[in-house]
1. Any chance you could count how many residues in the range B:139-175 are surrounded by fewer than 24 Cβ atoms within 10 Å (Cβ to Cβ), among the acidic types (Asp, Glu) and assigned to a helix (DSSP H, G or I)?
2. If B:GLU98 meets every condition in (1) free of Cβ contacts under 8 Å to residues at least 40 places away in the same chain; (2) under 15 Å from B:SER173 (Cβ atoms) apart from one, which number is that one?
3. With A:LYS371, A:LYS415, A:LYS361, A:LYS409 as the choices, which residue is away from chain B (no Cβ under 14 Å), open to solvent by 30 Å² or more (accessible area, probe 1.4 Å), in contact with a helix residue (DSSP H, G or I) (Cβ under 7 Å, 6 or more places away or on another chain) and not aliphatic (A, V, I, L, M)?
4. Quick one: is B:ILE91 at the interface with chain A (Cβ under 10 Å from one of its Cβ atoms), surrounded by fewer than 24 Cβ atoms within 10 Å (Cβ to Cβ) and free of Cβ contacts under 8 Å to residues at least 40 places away in the same chain?
5. If I ask for residues that are closer than 16 Å to A:ILE217 by Cα and of a type in the set (Val, Ile, Thr), which ones from the range B:123-179 would you list?
6. Looking at B:LYS38, B:LYS68, B:LYS16, which is the one that is at pLDDT 95 or above, open to solvent by 10 Å² or more (accessible area, probe 1.4 Å) and touching a Lys or Arg at 6+ places or on another chain (Cβ under 6 Å)?
7. Given the conditions (1) open to solvent by 20 Å² or more (accessible area, probe 1.4 Å); (2) within 14 Å of another protein chain (Cβ to nearest Cβ), and given that A:LYS161 satisfies all but one, which numbered condition is not satisfied?
8. Within the range A:89-105, which residues are open to solvent by 10 Å² or more (accessible area, probe 1.4 Å) and in contact (Cβ under 8 Å) with a residue 60 or more places away in the chain?
Amino acid sequence: MRQLNDRLIWAVNVTFNGTVKMSLQIKNIRIVDPSQNKDFVGDLFAENGRIVSKLSSVPKTVIDGSGKIAVPGLIDVHSHLREPGQEGKETIKTGTFAAAKGGITSVLCMPNTKPVIDNAPTVEFILFKAQKEGVVNVFPIGCATKGSLGEEISEIGVLKKAGIVAVSDDGSPVSSSQIMRRTLEYAKMFKFPVISHSEDKELSKNGVMNEGKNSMILGLRAIPRQAEEVMVARDIMLAELTGGFLHIAHVSTAGSVELIRQAKKKGVNVTAETCPHYFTLTDDIVKLYDTNTKMNPPLREQIDIDAVKAGLSDGTIDCIATDHAPHMQEEKNKEFDIAPFGIIGFETMLSLVLNELVDKKVLTLSQAVEKMSVNPAKIFNLEGRGSLKDGSFADITVIDPEYSYRFTKESIVSKSKNSPFIDRTFKGGAVIVAVGGKIVYKAA
Amino acid sequence: MSLNCKDLLGLEHLDKKDLQLILESVKPFKSLFTRSVKKTPTLIGKTVVTLFYEPSTRTRTSFEIAAKRLSADVVNISVGASSVVKGESLIDTGKTLEAMKADYVIIRHSLSGAPEILARNLNASIINAGDGFHEHPTQGLLDLYTMYEKKKKIEGLNVLLVGDILHSRVAKSNIWALTKMGANVAVAGPPTLIPPKIESLGVKVYYDLDEAVKRADVVNILRIQLERQQENLFPSVREYVELYQLTKERLGNAKPNVLVMHPGPMNRGIEISSAVADSSNAVINEQVTNGIAVRMAVLYLLKPSKTANKKQAALN
């Protein structure tokens, strides 16, 4: 742990010491870049923060990449960095460290900070902090409505100028269909998506886990799949009505996958993401009232896992995101009903995708990279990212497919430790991570 | 003989053999009640704490009497509902009791899973005295024992549970115990108060009480909480009474020797008519007496040692 942190701190110092000219060569590495449809073994070069085909002088850093794979830096389109306001759970510094360790070079952070991101100064604060203390790129998402109260559209234009890449009220979804319609309509001019955390708060009221046999046995108030699906359906209809750009967050049910599939067939402007836990875990693991299995939407059942996998494989689901939601131990170590929703995810996403999707032949490695880098960059207009072609930002994730490790609580870099994957063993993960050509993480 | 576990969190985790052992152990304790000295020295020097986060008179008193008849020292703690959210955390409260060397903690809590949290964090034996909508294992056991005592068997008995199954921890514990012992269990109530997937536990569902009582050897009536009406789970008390009150008339369709049970406290005139509650079919007061003997048996049979904790083993 200590060693790891020292390494990271060293990395920060190297990363942000001004405009030092950098150059990097990674030799003999398998380069998998779906943005160019490329998969070959060769050398990767970066200079002054960008990918280049040739270096102008002798590289300052040379890395042997034999046996490893370089992919465009991963982009997590759904996370909670908690700063400003809830620094006990996570900060931009600790959160971006954790992201780097997980092979993620860019994170989009949700606006439910304190204050919420519905004003330019908060956007500027986050970008400033990220610049000063972060090790990966941070792209804030602004509130869809003022205060995320669902009553008035926020000043999306002002927020966009300040640097947001999308709008969402995330966990406090817009319940009024009229306001959602207006938001989708208004946001059209900014050409970025309105992200819908699809949840009918009336149907899910007081619920803490998926509705089914397990909730019945455990005696916990339940959230039916339909609480998600009715809102997915509504928002698709509103996107159809307005021609607005809709992105569905954390798809967890078979019904949602089917609704999105049909909408795409019809040509509705909709994209979608899911999270590793929705293709890995079922609500069977809630059994011991372990609050690290409590998240929103809740863990579902095997048929949903199968449908989410099918949706990933046929392109219905475009992105894989973490919904990294740190909470302190003292908040989680409570009765199941009282503990907050959410789990951390930065440090496990890549390995879960490799083990649960690539190894199990749900996705090829190239398709997996598409979902974790290429598509996120496209959907959220992150120019120069999601690709290793010449001129792109040198955001590079180096994967070692043979890197076996146990995800222990002690190894967690995030400030919070709320993960249901603690003590799981993985094979394959990020071993070197570069952001703008600078190495910000190297596995010990 | 003893149960191979430190805690009693729910009947889901017991097998038929465990249940039989408990049934067999109750009788000697019950026979004690008719003696002039109703005490045994079984738990002398042991400390039993009842930790109640929900108001309760009968369950708490029953546990207290049971522990005292086993010669344990008993301490009762009631915690207000508001401190669940605002006050000291459950784990800290548990650790405090442990520091005071409590051997048994009997917990009642409005939230499902609270006893599980204590069991995971404490070496003391935890007995669930009712948690949320999850389980109320000693109630399930005393219901089971009462049926066994009256009907001399469990296997093949037709047992009907009536009312709010969705929010009933008593129903859940009854279902686990009875199905494991080979009884045929049915539930009757409005669809809004029947939890989804209950059939997966081997239970038959009726919406029509008249139809349901016909075959029953035992009718166990659950208390209806009046606040469920505010949640729109049924339209009015009047309609509930109309459709689901166990009346003399309805009982007339049942077998003549049908047992009528109720975990109490009863809402007379709502889920049960006074005439039925006071009829010769009702064994409601005997349930209370048996409750003490059953709880003595449970305290006697649990193995308060960490190494014997089945669940801990399952976790590793």
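1. 1
2. (2)
3. A:LYS415
4. Considered against the rule, which asks whether it is at the interface with chain A (Cβ under 10 Å from one of its Cβ atoms), surrounded by fewer than 24 Cβ atoms within 10 Å (Cβ to Cβ) and free of Cβ contacts under 8 Å to residues at least 40 places away in the same chain, B:ILE91 comes out as yes.
5. Correct list: B:ILE165, B:VAL170, B:ILE175, B:THR179.
6. Within the list B:LYS38, B:LYS68, B:LYS16, the selection yields B:LYS16.
7. (2)
8. A:LYS89, A:THR91, A:THR94, A:PHE97, A:LYS101
The values are calculated or read from the model by the stated rules, or taken from the named source; none is laboratory data. The model shown is predicted, which means the values in this text are computed figures rather than measured ones. All Cβ positions, even for glycine, are placed from backbone atoms using ideal geometry, and neighbour counts span all protein chains on display. Protein only, heavy atoms only, side chains kept; ligands, DNA and RNA dropped before computing areas. Shrake-Rupley method; radii C 1.70, N 1.55, O 1.52, S 1.80 Å.
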